[in-house]
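Where a number appears in this text, it was derived from the coordinates with a stated rule and is not lab data. All of these numbers come straight from a predicted model, not from anything done at the bench. Ideal geometry is used to build each Cβ from the backbone, glycine not excepted, and the neighbour counts take in all protein chains shown.
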Amino acid sequence: MIIVKGGTLVLSSAIAALLISGFSSQANANQLDVLLLPDVDKSKAELAGVRFIEIKYPQGSPLASLLNGKNERIEFAVNGTSNSTGGSGIEKVILAVNQAILTENKSPIVIENASLRYFATVKGYPDRAQLSYRIDFEPVIAKYVLKKSGENNQPAIVDLEWRDAVTNGQLLITSEKYGTVDINRPIGLVQLLFPELAEKMLGSGAKEIMEDPIMTFERFGLSMKSWHFSFDVTGKQLERYGVFIKGEGATVSIYSIGESSFREGTYLPVEKDTTVTIDGAEINLHASTPPPSGQISIAGYSTAGESDGAEFALVYPESPEFRVLDIFGFQFLVLMVLGVIMAVVTIVVLIKTRK
């Protein structure tokens with residue numbers, strides 16, 4: 001039986017949320033980072049899939065004999081296009097992600113080319129082994145502009161439905177050193193290093209955890225109106241992405257997720273647990289996927305919109321009139337209320353001291 005925990009914990013105390021909001025940060029690197037350029041309709045995105053699995057076993061068991069003292073590190077990188085013929089398999093990964101975005105997310109964006117880095121480790125101890133995985137996927141995406149901007153500050157429409165894509169099943173990458181590895185499922189690492197153990201896992205209740213895809217970004221599907229929203233008019237964001245041109249527009253709209261806020265609550269890891277029997281010994285597996293942490297930046301003045309369940313951004317060439325609460329959200333309102341309360345308290349204190 002698989003036990004699943006995790007999701008979003010909404011803080012019960014508004015004051016605690018206020019103190020935490022905007023100051024806490026995820027310990028993990030961003031899992032989604034992209035600057036969308038409506039005038040260009042092409043961007044480089046950075047996505048990272050991360051997973052941790054702990055396997056507990058009795059000391060002296062067959063599994064302990066196999067894994068105790070192991071310290072394995074697997075790392076390789078590939079790149080290419082959807083038409084690559086180099087034999088790495090990157091073209092099949094690109095096609096699989098494109099297909100998932102088109103069929104599941106109903107998004108028109110297309111990945112033209114991508115680089116991928118796979119990093120995994122196995123560390124074994126007398127009573128447990130720890131497996132860690134990280135996939136850095138950096139695709140160049142295009143065709144996210146649904147409508148270009150027009151005269152009289154008519155906004156461009158930018159698609160945002162692609163952001164929570166999930167790629168299921170195996171994704172095979174071939175490297176010169178390690179041969180062919182299933183990078184998308186945790187079992188791929190075990191198949192590479194311990195093929196007999198992998199077979200036993202897939203024949204037990206561990207199958208669900210070991211086949212759960214790593215390239216999953218579904219938690220970025222939170223409504224865009226609940227993402228933290230801000231503007232940068234300094235050009236620093238464009239400089240960070242290497243696209244700032246002096247003398248041209250420098251305004252960037254920033255949507256971020258994962259920092260804990262009134263709208264989002266506090267994100268927790270998604271955890272799964274199961275107990276199985278392998279070689280006559282009871283084995284406990286615990287899988288953990290870190291909380292989401294990401295940023296979607298859009299060059300220009302934008303506001304999130306929705307139509308028939310599909311989310312997009314309206315991006316204006318010049319600054320339109322935004323309401324204060326649209327930009328700063330509920331946090332700004334709370335700060336205003338607290339400011340008024342503090343002012344009232346100050347006045348009361350001054351009156352009493354004069355008496």
Need the list of aspartates and glutamates near Lys106 for cross-linking: C-alpha distance under 17 angstrom, and skip anything on the same chain fewer than eight residues off. Asp159, Glu161, Asp164, Glu218, Glu306, Asp308, Glu311
Just report the Cα centroid separation between the stretch 291-312 and the stretch 166-212, whole Å. 34
Please order His228, His286 by the number of other Cβ within 10 Å, starting at the fewest. His286, His228
Give me a comma-separated list of calculated 3J(HN,Hα) values for the stretch 266-278, in order, Karplus coefficients 6.51, -1.76, 1.60 applied at θ = phi - 60°, integers in Hz, x for any Gly or Pro. 10, 7, 10, x, 8, 10, 10, 9, 7, 10, 9, 10, 10
On the formula 1/(1 + (r/R0)^6), with r taken between the Cβ atoms of Ile341 and Ala310 and R0 of 51 Å, the FRET efficiency rounded to 0.05 is 0.80
Compute the signed sum of charges (Lys and Arg +1, Asp and Glu -1) over the other residues within less than 10 Å, Cβ to Cβ, of Gly188. -1
FRET efficiency, 1/(1 + (r/R0)^6) with R0 41 Å, evaluated for Glu104 and Asp127 via beta carbons: 0.50
Go through 289-302, 71-84 and give me the packing order, highest mean Cβ count within 10 Å leading. 289-302, 71-84
Sort Glu161, Glu112 by Cβ crowding within 10 Å, fewest neighbours at the top. Glu112, Glu161
Could you sort out which of Lys70/Lys272; Lys56/Lys177; Lys92/Lys143 sit more than 28 Å apart by Cα distance in this structure? Lys56/Lys177
